[in-house]
Amino acid sequence: MSIDPAERLALMQAFAQSYRDRHFRPEHYDLAQGYLQTTLSDDSRMPLPFFVEYNNAWWFEIVTAVDVPAVGYDPDSDTGFIVLDIRYDTETLRAMQHVHFGSVGDQGGRNVIARIRTYASNTFFGRAHPLVELDRYGNGFWLETGYHLRPSAEAAQAFLASAEGQRFASTAPTAAPIERITRNLEQLLARI
């Protein structure tokens, strides 16, 4: 397959826009074999279907905005990068992702993201802001359960039903995200 740098850059720009829109589109990824590795949890490989579903159901509802100060593609290494300023109301997590590409479909097919490596500070999640605290809880049952979608989503539902989950559901600024997450989890569990 010949590599078209313009197509790779366009995919990186679409990836950046999906962060700004706070919704990942599955067609951007190699869902059969792709994976993400992150310094935020551990070095294991998170399958890209889990990455897409987890972010769309949980994480994007917690963050208030994602700014993308830089995005690019290096044709020499055939890799992309994205710089992220992830906003949790008044708190900002700065992160970077290194992207490798692949293709799906017959004869090389559609240009997709195959591997992502995320770099960000683990210490950020020690902050006392309610949205950061909620995400810290989520990291525990989403990212540390072996990346199995149904058990993670069920653990998220169990957390939301717990006393701690109810505390987040009853106060601002977490009440509205919890309401959206509850709907998202119901829809996710109905289709997996």
State the percentage of accessible surface on the chain attributable to carbon and sulfur atoms; use a 1.4 Å probe and exclude ligands, DNA and RNA.
-> 50 percent
What residue among 128, 120, 155 shows peak mean-square fluctuation when the chain is described by a Gaussian network model with Cα springs under 10 Å?
-> 128
Choice from 69, 173, 151 with maximal GNM fluctuation in the chain (Cα, 10 Å cutoff) = 69
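Using a 1.4 Å probe and counting only protein heavy atoms, arrange 98, 129, 23 so the residue with the most accessible area comes first.
23, 98, 129
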How many times 2.2 N^0.38 Å is the alpha carbon radius of gyration of the chain?
-> 1.04
Give the distance, in whole Å, between the Cα centre of segment 80-119 and the Cα centre of segment 1-66.
-> 5 Å
With springs only between Cα atoms under 10 Å, which of 171, 182, 79 fluctuates most in a Gaussian network model of the chain?
-> 171
Which percent of the Cα-Cα distances in segment 1-76 go past 21 Å?
-> 34 percent
Can you give the accessible area of residue 167, probe radius 1.4 Å, in Å² rounded to 10?
-> 100 Å²
Could you sort 39, 90 by accessible area so the largest value comes first, with the probe set to 1.4 Å?
-> 90, 39
Other-chain or far-sequence residues with amide H under 5 Å of residue 65's (modelled H) = 87, 89
Probe 1.4 Å, protein heavy atoms only - accessible area per residue of segment 5-191 in square angstrom | 46 Å²
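The values are calculated or read from the model by the stated rules, or taken from the named source; none is laboratory data. These figures come from a predicted structure and were not determined experimentally. Calculation scope for accessible area: heavy atoms of the full protein, side chains included, ligands and nucleic acids excluded. Shrake-Rupley method; radii C 1.70, N 1.55, O 1.52, S 1.80 Å.
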